[in-house]
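The values are calculated or read from the model by the stated rules, or taken from the named source; none is laboratory data. These numbers were taken from a predicted model, which means no experiment stands behind them. As a convention, Cβ positions derive from the backbone with ideal geometry for all residues, glycine included, and neighbour counts pool all protein chains shown.
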Amino acid sequence: MVKGLEIYREKKIFITGHTGFKGAWLVKLLSLSGAKIMGYSLAPNTEPNLFSIFEIEKLCKSIIGDIRDKENLTKHILDFKPDFIFHLAAQPIVLASYESPAYTFDVNVIGTANLLEAVKVLNKPNLNTIIITTDKVYENIEKDYAYKETDRLGGYDPYSASKAATEIVVSSFRSSFFNPNSFEKHKNKLVSVRAGNVIGGGDWAKDRLIPDIVRAINNQEELSIRNPNAIRPWQHVFEPLWGYLYVGKLMSEDKLIEGSINFGPYTNDTLKVIDMVNVAIKTWQKGSYNCPELKSTPHEANLLKLSIEKAISLGWTPQWNATKALEKSIEWYKTFYETPNKIEQITIKQIEEYFREG
């Protein structure tokens, strides 16, 4: 049993995106807490992947399906009748959204609408639905400012815009079908949670900093850094996952039934990309990089911070700073590549360490 997650014991949890990085970690945490889990997602799209490493198919009922397949998705939700839904399925990569913008909007916006319509059809009292979006939903003014949940939504790139649109979909469903003012009628709670720049062991996605670092080190290649001076609110994957689960806990205790919540590090806990690379190389004790001058590259935000005052007021606080988050991530990857028979051991060790400290 993971400390703090006792509320999920024997509860039925429906997770979309369970084959992905954050989704697989979420299944792992909930399985250790005695939950009954159904996952719904496309097949893993990287090799290696956490779905295989964690043997997720042994930890939950795994459905390989497309979030855009409304009929199939709805069928499984209606059959399972979950107590909690965590919606993580998405096209999550900024650069990929430039290559496939329509697909990104289809998955992120219509996929979410499909899920929420299934929740409406299910009409199950005391269902708690948590929609995971991103820190990039805000209209980024590229200034040293921490965005609050009430700030204007926006999105320069298709990914960010799709997630901002997803938030509007969530708000619409909340107002139209799950309005807190008529809670006694529908008894459904719907919350969106926003986090970004999540790192941790087991992410091998393309065009993400830590997976790129890990691939370069493992392949003995020099890493090329796109935006060395970009500032990000880096956080270990345990931070937002604990945030999502904590929100679900509050919802089940009738302490939270509406709104959006940011999860991230303290506003002064930020590192430049170049600093992250140097810490990673120091931790692994090998690796090299270069910073080529790039031309005609797609736009990516250089500065992005979140206000986490609301999350803190609810009782959640960050545990690991950016440096420790990176050190723990590299520790996991190094174990995977150098002593793979110990990967379960390091996984449980890190979970116990984080939740014990929390």
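Okay, residues lined up against (1) under 24 Å from GLY243 (Cα atoms); (2) surrounded by 16 or more Cβ atoms within 10 Å (Cβ to Cβ); (3) modelled with pLDDT of 95 or more; (4) within 21 Å of the chain's Cα centre (by Cα):
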| site | (1), (2), (3), (4) |
| --- | --- |
| LEU73 | no, yes, yes, yes |
| HIS76 | no, yes, yes, no |
| LYS81 | yes, no, yes, no |
| ILE85 | yes, yes, yes, yes |
| VAL94 | yes, yes, no, yes |
| PRO101 | no, yes, yes, yes |
| PHE105 | no, yes, yes, yes |
| GLY111 | yes, yes, yes, yes |
| ASN114 | no, yes, yes, yes |
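Are there any pairs with C-beta distances below 6 angstrom linking a residue in region 307-321 that is at negative phi to a residue that is modelled with pLDDT under 95 and not in a loop (DSSP other than H, G, I, E, B), with the two at least 6 apart or on different chains, and if so which?
SER307/ALA146; GLN319/GLU357
Within region 183-219, track down each residue that is buried (at least 19 other Cβ atoms within 10 Å of the Cβ) and over 16 Å from the mean Cα position of the chain (by Cα).
Of everything in region 183-219, those that are buried (at least 19 other Cβ atoms within 10 Å of the Cβ) and over 16 Å from the mean Cα position of the chain (by Cα) turn out to be ASN188, LYS189, LEU190, ASP212, ILE213, VAL214, ALA216, ILE217.
Report, by residue number, each residue of region 133-154 that is touching a residue at least 24 places away in the same chain (Cβ under 8 Å), outside any loop (DSSP other than H, G, I, E, B) and touching a helix residue (DSSP H, G or I) at 6+ places or on another chain (Cβ under 7 Å).
The answer is LYS136, VAL137.
When you check VAL119 against the structure, is it among the β-branched types (Val, Ile, Thr), surrounded by 22 or more Cβ atoms within 10 Å (Cβ to Cβ) and at pLDDT 95 or above, yes or no? So that I can check it myself, show each step before the final result.
Values: among the β-branched types (Val, Ile, Thr): yes; surrounded by 22 or more Cβ atoms within 10 Å (Cβ to Cβ): yes; at pLDDT 95 or above: yes.
Taking the combined requirement at face value, the residue satisfies it.
Can you say whether ILE130 is touching a Gly at 6+ places or on another chain (Cβ under 9 Å) and part of a strand (DSSP E or B), as far as the supplied structure shows? If you could, list the steps in order and put the result at the bottom.
Numbers: touching a Gly at 6+ places or on another chain (Cβ under 9 Å): yes; part of a strand (DSSP E or B): yes.
So ILE130 passes the test.
Out of the residues in region 336-358 that are acidic (Asp, Glu) and farther than 21 Å from ASN49 by Cβ, which is surrounded by the fewest Cβ atoms within 10 Å (Cβ to Cβ)?
So the first thing to find is which residues in region 336-358 are acidic (Asp, Glu), and the list is 338, 344, 352-353, 357.
Retained after the next criterion (residues that are farther than 21 Å from ASN49 by Cβ): 352-353, 357.
On the way: GLU352: 13, GLU353: 14, GLU357: 10.
Residue satisfying both the conditions and the ranking: GLU357.
With respect to ILE64, determine if the residue is surrounded by fewer than 16 Cβ atoms within 10 Å (Cβ to Cβ) and without any contact (Cβ under 8 Å) to a residue 24 or more places away in the chain.
Details: surrounded by fewer than 16 Cβ atoms within 10 Å (Cβ to Cβ): yes; without any contact (Cβ under 8 Å) to a residue 24 or more places away in the chain: no.
No: the conditions fail for ILE64.
Would you confirm, using the coordinates I've provided, whether LYS3 is surrounded by fewer than 17 Cβ atoms within 10 Å (Cβ to Cβ) and within 28 Å of SER329 (Cβ to Cβ)?
Values: surrounded by fewer than 17 Cβ atoms within 10 Å (Cβ to Cβ): yes; within 28 Å of SER329 (Cβ to Cβ): yes.
Yes; evaluated as a whole, the condition is true for this residue.
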